[in-house]
Amino acid sequence: MKQTLHHHTQRKISSGRAVPLGATPMPSGVNFAVFSAHADEVFLLLFDSDAAAPTDCIKLFRAKDIWHVFVHSIGPGQLYAYKARGRYAPAKGMRFNEHKLLIDPYAKALTRKYRNDPSGRLYGYNPQSPKKDLVMDTRENMCKVPKCIVVDDAFDWQNEKQPAIPMEKLIIYEVHVKGLTQHRSSGVKNPGTYLGLVEKIPYLKSLGINCVELLPVQEFFIRQALIDNGLSEYWGYNTLAFFAPESSYASGCYPGCQINEFKTMVRQLHKAGIEVILDVVYNHTAEGNELGPTLSFKGLDNTAYYALRGTHLERYRSYVNHSGCGNTINAENPMVVKMVVDSLRYWAQIMHVDGFRFDLAPVLFRRKGVFHPNAAFYRLLLREPVLKHVKFIAEPWDMSTYQLGKFPRGWSEWNGKFRDTLRHFVKGEPGWIRETARRMTASADIYARVKRMPFNSVNFITCHDGFTLYDLFAYNTKHNELNAENNKDGSNDNHSWNCGTEGET
């Protein structure tokens, strides 16, 4: 194969340091460091603008599994991305493709929203080949890919203090940043944005809540199937960059403004006595299965970042799918676990969030493929002083297991049994009085027997999954036809009652 990557730069460079990972601005330049255990070479590409060709292509130095370089005389605002050279052998788990531009897993901001492209250039393989992902695609894709931004963490927090509300006093309001204010009826100046949410703080206070749980705000990717149907990745459960706030929720027009706008939102919520919990999706990434795009992790080290499976001859071609979204992160790889914990520390320490709700949390608690409350992820969390007082809430199930009541002490859990039981009871179904009494008395049958506290149960009736509270009394069955999936998406177990008439009345 013809090699297309060549080191070229007029800038002064030096080897730099292997820590910390990511792009770190310093007085005389920026240090870049990225993990890849199996690449042959890794290159840093620098850009003057999002649409321009790269000005520099810099071959990185290697220290064990970390690739690094220090570039002098650049700073915050510099645009960059990576390319990696190595074997393309999907049957063995290797998906390196030097033609594909890659997002830094530690990128703190992207220049713009990342969505799939119908040309197929975001894929590491040739979509037209009958051999599918076994044939590498050699087309370049630089103009299709947003660039990473070197970020300065400085911000005027105006002596803001985090509310530090005890878990047992928390009243959580799940909210979508865009959905709260995007409709004109919200009456805000900045609809569908972080700053728009700030304008609604008086409304949030009027509800009596003291905590907002934000649906995913880490930068996510829009899949082609949704684009083809005129839809968007509205909920945001398709994360690409775990350190970067979602760029489409910013009201400003300059690259990177999403960071300060997110911080402004958090600061103003804290000033109003409202905590901020993030719904985080570390269980999978936006790259999908073996037929998904190559955006970051696949192209940097597929075998390290993902849990793989396959047949005898193609042992590592396919992906374990505990998430139901095509892939599952490899939570038994120390560098992947480190990335997740580093991301949590960043959001807590630099972005000042108060806690995290983990989507499909059992994925992170696996040891040798099965759930274990003392998994590597949890052990590393315990050693992180910044996260000592952060709130952790688990969605205690994934596509393969249900672990309500089995997470470590100090963790709280979404109590799905409370939700289902109260729905049955309110619906008037017979035989639910005793079970309802258990749920209304802190689910002691689940938590007390393992010496956990009532506040370890996060009780709820509705959330973003399934029916809204209105839907529970308007529909007997789901009606998701507008999602263009033949009403197959979403749960059928909503335990609802239409009060005699299906739909609007």
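Brief remarks follow.
- Single match in Gln128, Gln224 (criterion: farther than 30 Å from Pro27 by Cα, assigned by TED's automatic domain parsing to the domain that holds Val34, out of contact with any Phe, Trp or Tyr (no Cβ under 9 Å at 6 or more places or on another chain) and at pLDDT below 95): Gln128
- Some residue of segment 209-218 being polar (S, T, N, Q), under 21 Å from Trp414 (Cβ atoms), part of a loop (DSSP other than H, G, I, E, B) and in contact with a Gly (Cβ under 7 Å, 6 or more places away or on another chain): yes
- Considering residues of segment 297-349 that are assigned to a loop (DSSP other than H, G, I, E, B) and within 14 Å of the chain's Cα centre (by Cα) only, the residue nearest to Tyr88 (Cα to Cα): Asn327
- Residue selected from segment 347-390 under the condition in contact with a Leu (Cβ under 8 Å, 6 or more places away or on another chain) and charged (D, E, K, R), by the criterion surrounded by the fewest Cβ atoms within 10 Å (Cβ to Cβ): Glu384
- Taking segment 260-279 as the range and being surrounded by fewer than 24 Cβ atoms within 10 Å (Cβ to Cβ) and within 25 Å of Tyr80 (Cβ to Cβ) as the test, the residues that pass are Asn260, Glu261, Lys263.
- Options Lys417, Lys427, Lys368, Lys406: the member that is farther than 22 Å from Pro166 by Cβ and in contact with a His (Cβ under 7 Å, 6 or more places away or on another chain): Lys427
- One residue from Ala448, Ala437 being small (Gly, Ala, Ser), at pLDDT 95 or above and not in a loop (DSSP other than H, G, I, E, B): Ala437
- Cβ pairs under 8 Å, 6+ apart, first in segment 475-489 and without any contact (Cβ under 8 Å) to a residue 12 or more places away in the chain, second surrounded by 13 or more Cβ atoms within 10 Å (Cβ to Cβ) and of a type in the set (D, E, K, R): Asn487/Lys478
- Number of the condition not met by Cys57 [criteria: (1) buried (at least 19 other Cβ atoms within 10 Å of the Cβ); (2) part of a strand (DSSP E or B); (3) hydrophobic (A, V, I, L, M, F, W, C)]: (1)
- Against the conditions (1) under 30 Å from Ile103 (Cα atoms); (2) surrounded by 21 or more Cβ atoms within 10 Å (Cβ to Cβ); (3) of a type outside the set (Gly, Ala, Ser), Leu134 satisfies every one except (2).
The values are calculated or read from the model by the stated rules, or taken from the named source; none is laboratory data. Source: prediction; values computed, not measured. All Cβ positions, glycine included, derive from the backbone under ideal geometry; neighbour counts span all protein chains shown.
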